[in-house]
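Engineer: Once you've had a glance at the structure underneath, I'll fire off some questions.
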Amino acid sequence: MKQAKKRDSWGSRLGIIMAVAGSAIGLGNFLRFPAKAAANGGGAFMIPYFISLFLLGIPLMWIEWTLGRYGGGFEHGTAPGIFHSLWQKNRFIKYFGVIGIFGPLVIFIYYTYIEAWTLAYSFFALTGKYSTLADQASMQGFLRGFQGLENNQYFHGIGLAYLFFIITFILNIWVIYYGIKGGIEKLCRWALPLLFVFGAILMIRVMTLGTPDPARPEWNISNGFGFLWNADFSSLKSAKVWLEAAGQIFFTLSVGIGVILTYASYLSKGDDVVLSGLTAAGTNELAEVILGGSIIIPAAFVFFGQEQMRTIATSGVFNLGFVTMPMVLNKLPLAALFGFFWFALLFLAGITSSVSLAQPAVAFLEDEFDINRKKAVKIFAIVSFLLCQPAIFFLKNGVVDELDFWGGTFFLVLFATIETVLFAWVFGMEKAWDEIHKGADMAVPKIYKFIIKYITPLFLFLILGMWLWQEWLPKIFMTNISSADRIYIIGTRLGLICVFLVLALLVKIAWRRKRVTAENLR
Ligand code: PFF
């Protein structure tokens, strides 16, 4: 008989809630959310955002927690095994599960690099490296120099960014090396509360900004908050705003990509998923709309006004966070300290997310190939380190944007659709409902039985359909990409296809090995 290998597990219920919340609360909450909200009209963005939260985000949170715990019972911590356990008769379904390892790996590749910038900027803030830069152009030049997009008076080459990348990468590997309880849970237990402290300090500071420019009384803090909170129903007609809002919900909650499946696979059969999942989602929303919504947006609003803020937000996801925010803080007393709080907040948010992105690949090697954790982490470290390189060196050619599109947008929606259909239709809603409620500390409102079965999949198909209709052709033919960069984008796509195929091949090998072992035992 096969030696029962003991899988890792969480130390406590609070531990997994904090780890899932740690995964969810990330750069998405503090950089992506404000940028999306500002670019899509503030209050106009929030209505589709909340509708997507209730119809997509929360149902998927429950689906993933439930499926993860279910799969863990069969010693599977990643989607190929979990999907196979759900639909044993289907030989192909496990290959759809490959997305649940591939997607997180793709996000990990660029996410860790951006996380490294936040660590670097924490040091720059403390050491006053950008403290004399007072206008948008010089702060932008500083960022571009740091990212290696240009050589200027601030930076020559990418050396410093690379150094911080190495430090960040090692920190990530170190955490996952110590496993679920000893690494990830431990990290999240102190990083998450600290992040909230930094966030609260910054929020209070921003709330007391008043009206910094008396010549422009309308640029005041209450109008800054009003920008996000005055509902504007006109957006409900815009397909693009819906797509962006739904995409943000997936990205921010870390659902629809396989990470939560893996985290929940370390639960025991009788552990609650209903209340825990809801608590983790609620904590993320608190961090996103309360903290994330009360720092950059109102701060940028009072110093630059609505129009300019919108222009900055549309000019790039990182501009509000790495250009506008340090500039605003530079105008205040104790700039170095507040700058540090801001970037340290981003770094803590980032690392508790990036370790979760690494875990599916590690769990896959452990569960399906019987490799021990330390060895699995070493393999992961070497492979992912190599895969990170194009994102670093070809940033200016649009490689990060391309990875973000496939990993952080397209596959999220696709995988979420597959998961929901499997759960509600293949596994079956009656069984699914029972499974969700095993060990549950609260009942899911009845209406969700209907929502999960009909509304969530319909909504997902609608999003996919709309995307295909509006963007498929220009995306595939790279209409919006300069001819010089096309070769890099094609290279990225070919690379992604190779990674996917290798993972699919590994799934095939793992299943064949299991079959042979099972036959030998007979
Ligand atoms: N939720 C993270 C954020 O908001 O930054 C990003 C993320 C982590 C997305 C893990 C997906 C994931 F699986």
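Engineer: Based on alpha-carbon centroids, what's the gap between the stretch 2-66 and the stretch 352-402 in Å, whole number please?
Structural biologist: After rounding, the separation between the Cα centres reads 20 Å.
Engineer: Follow-up. Give, as a single signed number, the net charge of other residues whose beta carbon lies under 11 Å from the beta carbon of Phe33, with Lys and Arg counted +1 and Asp and Glu -1.
Structural biologist: Every neighbour counted, the sum reads -1.
Engineer: Now, a different point. Find the accessible area per residue for the chain; the probe is 1.4 Å, ligands and nucleic acids are left out, and the unit is Å².
Structural biologist: 40
Engineer: To continue, here is another question. Hey, with R₀ at 35 Å, roughly what FRET efficiency would Leu286 and Glu519 work out to, going by the Cβ-Cβ distance, to 0.05?
Structural biologist: The formula returns an efficiency of 0.10 here.
Engineer: Apply the a/c threshold of 1.5 to the C-alpha gyration tensor of the stretch 339-381 and tell me whether it is rounded, prolate or oblate.
Structural biologist: Prolate is the answer for the stretch 339-381, as a/c is 1.5 or above and a/b outweighs b/c.
Engineer: How much FRET efficiency would the formula 1/(1 + (r/R0)^6) give for Ile476 and Leu334, where r is the Cβ-Cβ distance and R0 is 35 Å, rounded to 0.05? Could you put the intermediate results ahead of the total?
Structural biologist: Values: r = 50 Å, r/R0 = 1.43.
Taking R0 as 35 Å, the efficiency between Ile476 and Leu334 is 0.10.
Engineer: Please give the helix 456-476 orientation as an angle from the longest Cα principal axis of the chain, in degrees from 0 to 90, rounded to the nearest 10.
Structural biologist: Taking the Cα atoms of the chain, the angle to 456-476 is about 60 degrees.
Engineer: For the chain, which whole percent of the accessible surface, found with a 1.4 angstrom probe, sits on carbon and sulfur atoms?
Structural biologist: 67
Engineer: While we're looking at this one, here's another question. Give the Rg (one decimal place) followed by the Dmax (whole number) of the stretch 67-212, computed from C-alpha coordinates and expressed in Å.
Structural biologist: Rg and Dmax of the stretch 67-212, Cα atoms, are 21.5, 66 Å.
Engineer: Need the full-extension length gain, Phe50 to Ile379, defined as separation in residues times 0.36 nm minus the C-alpha distance. One decimal, nm.
Structural biologist: Length gained between Phe50 and Ile379: 114.4 nm.
Engineer: Modelled label-to-label distance, Arg493 and Leu163, 7 Å Cα→beta-carbon offset: nm?
Structural biologist: According to this spin-label approximation, the distance is 3.9 nm.
Engineer: Measure off 7 Å from each Cα along the Cα-to-Cβ vector at Ile371 and Arg216, then give the distance between these two points in nanometres to one decimal.
Structural biologist: Going from the Ile371 label point to the Arg216 one covers 5.4 nm.
Engineer: Once each part is reduced to its C-alpha centroid, what is the distance from the stretch 454-508 to the stretch 109-173 in angstrom?
Structural biologist: Using only Cα atoms to place each centre, the spacing works out to 30 Å.
Engineer: Roughly how many Å² of Leu458 are accessible to a 1.4 Å probe, to the nearest 10?
Structural biologist: Looks like 120 Å² after rounding.
Engineer: Based on the Cβ-Cβ distance of Trp425 and Gln389, what FRET efficiency does E = 1/(1 + (r/R0)^6) give at R0 = 30 Å, to the nearest 0.05? Please list the in-between numbers first.
Structural biologist: Details: r = 41 Å, r/R0 = 1.37.
Step by step, r from the Cβ atoms, then E = 0.15.
Engineer: Between Gln88 and Asp434, what is 0.36 nm times their sequence separation minus the Cα-Cα distance? Round to one decimal in nm.
Structural biologist: 122.6 nm
Engineer: While we're here: Would you please name the trypsin sites (Lys or Arg not before Pro) within the stretch 55-99 that are DSSP coil residues with at most 10 other C-beta atoms within 10 Å of their C-beta?
Structural biologist: Lys89, Arg91
Engineer: Same structure again: How much net charge surrounds Pro48 when only the other residues with a Cβ under 14 Å from the Cβ of Pro48 are counted, with Lys and Arg +1 and Asp and Glu -1?
Structural biologist: Every neighbour counted, the sum reads +1.
Engineer: Which order do Asp441, Asp404, Asp367 take when ranked by solvent-accessible area (1.4 Å probe, heavy atoms of all protein chains), largest first?
Structural biologist: Asp441, Asp404, Asp367
Engineer: In nanometres, what is the gap between the two model label sites at Leu505 and Lys269, each 7 Å from Cα along Cα-to-Cβ?
Structural biologist: Output for this residue pair reads 3.9 nm.
Engineer: Sorted by accessible area with a 1.4 angstrom probe, largest first, how do Glu185, Glu75 fall?
Structural biologist: Glu75, Glu185
Engineer: So how much accessible area does Trp425 have, in Å² to the nearest 10, using a 1.4 Å probe?
Structural biologist: Approximately 130 Å² of Trp425 is accessible to the 1.4 Å probe.
Engineer: Let me have the 222 nm mean residue ellipticity of the chain computed from DSSP H runs of 4+ only, each contributing -39500 (n - 2.57), with the sum over all residues rounded to the nearest 500.
Structural biologist: Theoretical 222 nm ellipticity from helices: -22000 deg cm²/dmol.
Engineer: Can you flag which of Lys129/Lys331; Lys36/Lys129; Lys181/Lys269; Lys240/Lys475; Lys36/Lys240 are past 22 Å Cα-Cα?
Structural biologist: Flagged as over cut-off: Lys36/Lys129.
The values are calculated or read from the model by the stated rules, or taken from the named source; none is laboratory data. Please read these numbers as outputs of a predicted model, since none were measured by experiment. Heads up, the Cβs are rebuilt from the backbone with ideal geometry, glycines too, and the neighbour counts pull from every protein chain shown. When the accessible area is computed, the model is the full protein with side chains, heavy atoms only, and any ligands, DNA or RNA have been set aside. Shrake-Rupley method; radii C 1.70, N 1.55, O 1.52, S 1.80 Å.
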